[in-house]
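**Student:** I'd like to ask some things about the structure below.
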Amino acid sequence: MASPSLFKETMLLFFFFFFFASLSLSTEETQLKNESLSFSFPLTSLPRSPQTSPSFYSSFISQTKKIPTLKSSSPYNYRSRFKYSMILLVSLPIGTPPQSQQMILDTGSQLSWIQCHKKVPRKPPPSTVFDPSLSSSFSVLPCNHPICKPRIPDFTLPTSCDQNRLCHYSYFYADGTLAEGNLVREKITFSSSLSTPPLILGCAEDAIDDKGILGMNLGRLSFASQAKITKFSYCVPTRHVRPGFTPSGSFYLGENPNSAGFQYISLLTFPQSQRMPNLDPLAHTVALQGIRIGNKKLNIPITAFRADASGAGQTMIDSGSEFTYLVDEAYNKVREEVVRLVGPKLKKGYVYSGVSDMCFDGNAIEIGRLIGDMAFEFDKGVEIVIEKERVLADVGSGVHCVGIGRSEMLGAPSNIIGNFHQQNLWVEFDVANRRVGFGKADCSRST
């Protein structure tokens, strides 16, 4: 699951806002039976609360670091646009009648959870909190439910029985904060004619952040799996924009009309029997082949990008992590080349959030040009290319860093391709065909 964490100075996850008030149906009632429906939603952007400043976000990190001992076509055709500001926030219509609940999309997370109102029911309830008493489709999971058992397959979230004999869960984030509550069942109500079946969600009563989580990994209890969503995609615009303007991107559940131009790579899978301490078998894992800076392919052995006997070295695509993280063997080679190109301009003795020592306080445009384009290489000639203008991330106070950190400093020796390196790129997760697609785009204009 996803978790806010270590970065204190900047936040770049993405915002999806889905407002069902102006829902637009594009099919007739007869088509509802074929489960083919498209929606469009208006767009609103909200600023990130200054009280919630952590900006690292990854369920993989939180699970391995804090809880090391635990470890067909889609029925919906759904599209939204979002503004790229601080976090990717989707406002989903939950319950009957629906209440708009803000949830952060995370492709590295299994359990979806919402913020629940735990006091005596108030009308209206707080705008960011779900009030179970107002929903006729809400139900709780008792302790004897099969899910409420330790270490069931594909579900490593620690559960227990509370004083009311209800299934209780607790989840530690990578920054040490805690979200806990009860497991429940509830529907996502897209319209009066279309909703998901009751899904198992967390109903959090104690959490620092007021946003929930929309888990989209490969686990059987993720939102995608429970709702039988076999394909979803998003397009993240660049963060370099004119003052006062927040760019918007797009998000799809189901078929993406732009997919004809996508290039696909296979998802790597791991059998149930293959349990390794550093492996997340439910992540969207890919086979990274190499890294190129300018025209130079770095001398990094391919084994650095593959899970070893302990699971270390796994490479995953994660919408919940801002930066990209590399194991030391790969990070050191990237840093070696950056030092060769712009070593004298490095900010001496500076390590950003304990994970990145490739930072500068000079002219970011000039330094980016000296470094050149960067590319993550996959098989079949597929690449994620980061243009030199986007190699450096603004981390505040006039400091810019190469958007790559050491994963092993986080206690997770894995390679994680974060959303900073997914800008101006369609990323499609085709779960049914076990592949990930990429397509270049101007995401502020993509539809």
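The values are calculated or read from the model by the stated rules, or taken from the named source; none is laboratory data. Please read these numbers as outputs of a predicted model, since none were measured by experiment. Every residue, glycine among them, receives a Cβ derived from its backbone with ideal geometry; neighbour counts consider all protein chains shown. These area figures cover heavy atoms from the full protein model, side chains too; ligands, DNA and RNA do not enter into them. Shrake-Rupley method; radii C 1.70, N 1.55, O 1.52, S 1.80 Å.
**Student:** What's the total number of residues in the range 326-351 that are in a strand (DSSP E or B) and at pLDDT below 95? So that I can check it myself, show each step before the final result.
**Tutor:** Within the range 326-351, the subset in a strand (DSSP E or B) is 326, 346.
Filter once more, keeping what is at pLDDT below 95: none.
Of the residues in the range 326-351, 0 are in a strand (DSSP E or B) and at pLDDT below 95.
**Student:** Output yes when any residue across the range 278-292 is at pLDDT below 95, part of a loop (DSSP other than H, G, I, E, B), in contact with a helix residue (DSSP H, G or I) (Cβ under 8 Å, 6 or more places away or on another chain) and over 28 Å from Phe251 (Cβ atoms), and no when none is.
**Tutor:** For the range 278-292, residues at pLDDT below 95, part of a loop (DSSP other than H, G, I, E, B), in contact with a helix residue (DSSP H, G or I) (Cβ under 8 Å, 6 or more places away or on another chain) and over 28 Å from Phe251 (Cβ atoms): present.
**Student:** A follow-up question, please. When you go through (1) modelled with pLDDT under 90; (2) more than 21 Å from Asn424 (Cβ to Cβ); (3) within 20 Å of the chain's Cα centre (by Cα) one by one for Phe270, which number turns out not to apply?
**Tutor:** (3)
**Student:** One residue is enough: does the range 314-321 have a residue meeting the conditions of a type in the set (Asp, Glu), closer than 30 Å to Ser195 by Cβ and within 17 Å of the chain's Cα centre (by Cα)? Outline the logic, then answer.
**Tutor:** Within the range 314-321, the first condition is being of a type in the set (Asp, Glu), and the residues that meet it are 318.
Filter once more, so that each one left must be closer than 30 Å to Ser195 by Cβ: 318.
Remaining after also requiring within 17 Å of the chain's Cα centre (by Cα): 318.
Checked against the condition, which is being of a type in the set (Asp, Glu), closer than 30 Å to Ser195 by Cβ and within 17 Å of the chain's Cα centre (by Cα), the range 314-321 yields at least one hit.
**Student:** Let me ask you something else. Out of all the residues in the range 319-359, which are touching a Lys or Arg at 6+ places or on another chain (Cβ under 6 Å) and buried (at least 23 other Cβ atoms within 10 Å of the Cβ)?
**Tutor:** Listed by number, the residues that qualify are Tyr331, Met358.
**Student:** Considering only residues that are out of contact with any Gly (no Cβ under 6 Å at 6 or more places or on another chain) and either open to solvent by 80 Å² or more (accessible area, probe 1.4 Å) or over 16 Å from Val395 (Cβ atoms) (or both), which ones fall in the range 360-370?
**Tutor:** Looking only at the range 360-370, we keep the residues that are out of contact with any Gly (no Cβ under 6 Å at 6 or more places or on another chain), and these are 360, 362-370.
Across the range 360-370, the qualifying residues are Asn363, Ile365, Glu366, Arg369, Leu370.
**Student:** Next question. Taking the range 94-104, which residues are within 13 Å of Leu134 (Cβ to Cβ) and either of a type in the set (Ser, Thr, Tyr) or at pLDDT below 90 (or both)?
**Tutor:** Here is the first cut: in the range 94-104, the residues within 13 Å of Leu134 (Cβ to Cβ) are 94-101.
Thr96, Ser100, Gln101 - these are the residues of the range 94-104 that are within 13 Å of Leu134 (Cβ to Cβ) and either of a type in the set (Ser, Thr, Tyr) or at pLDDT below 90 (or both).
**Student:** I want to confirm something. Restricting to the range 214-241 and keeping residues that are part of a helix (DSSP H, G or I) and open to solvent by 10 Å² or more (accessible area, probe 1.4 Å), which single residue is nearest to Val184 (Cα to Cα)? Explain how you work it out, then say what you get.
**Tutor:** Keep residues of the range 214-241 that are part of a helix (DSSP H, G or I), which gives 223-226.
Subsequent filtering for residues that are open to solvent by 10 Å² or more (accessible area, probe 1.4 Å) retains 225-226.
On the way: Ser225: 16, Gln226: 13 Å.
Among those that are part of a helix (DSSP H, G or I) and open to solvent by 10 Å² or more (accessible area, probe 1.4 Å), it is Gln226.
**Student:** Scan the range 371-413 residue by residue and report those that are open to solvent by 30 Å² or more (accessible area, probe 1.4 Å), of a type outside the set (Lys, Arg) and part of a strand (DSSP E or B).
**Tutor:** Taking the range 371-413 as the starting set, the residues that turn out to be open to solvent by 30 Å² or more (accessible area, probe 1.4 Å) are 373, 379-381, 383, 385, 387-389, 394, 397-398, 400, 406, 408-409, 411.
Then drop every residue that is not of a type outside the set (Lys, Arg), which leaves 373, 379, 381, 383, 385, 387, 389, 394, 397-398, 400, 408-409, 411.
Result: Glu383, Val385, Asp394, His400.
**Student:** Between a residue in the range 373-395 that is at positive phi and any residue that is of a type in the set (A, V, I, L, M, F, W, C) and assigned to a strand (DSSP E or B), which pairs come within a Cβ distance under 7 Å, given they are 6 or more apart or on different chains?
**Tutor:** Lys380/Ile265
**Student:** Additional query: Output the residues belonging to the range 300-312 that are surrounded by fewer than 23 Cβ atoms within 10 Å (Cβ to Cβ) and either in a helix (DSSP H, G or I) or touching a Lys or Arg at 6+ places or on another chain (Cβ under 6 Å) (or both).
**Tutor:** Of everything in the range 300-312, those that are surrounded by fewer than 23 Cβ atoms within 10 Å (Cβ to Cβ) and either in a helix (DSSP H, G or I) or touching a Lys or Arg at 6+ places or on another chain (Cβ under 6 Å) (or both) turn out to be Ile300, Ile302, Thr303, Ala304.
**Student:** Here is a further query. In the range 139-150, which residues are open to solvent by 50 Å² or more (accessible area, probe 1.4 Å) and part of a loop (DSSP other than H, G, I, E, B)?
**Tutor:** Within the range 139-150, Asn144, Pro146, Lys149, Pro150 qualify.
**Student:** Any residue in the range 260-274 that's assigned to a strand (DSSP E or B) and open to solvent by 40 Å² or more (accessible area, probe 1.4 Å): show its pairings with residues that are modelled with pLDDT of 80 or more and charged (D, E, K, R) at Cβ separation under 6 Å, as long as the two are six or more apart or on different chains.
**Tutor:** Pairs found: Tyr264/Arg435; Ser266/Arg435.
Yes/no per residue for (1) at pLDDT 90 or above; (2) crowded, with 24+ Cβ neighbours inside 10 Å; (3) aromatic (Phe, Trp, Tyr):
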position	(1), (2), (3)
Leu88	no, yes, no
Asp106	no, yes, no
Leu111	no, yes, no
Ile114	yes, yes, no
Lys123	no, no, no
Pro126	no, no, no
Val129	no, no, no
Pro132	yes, no, no
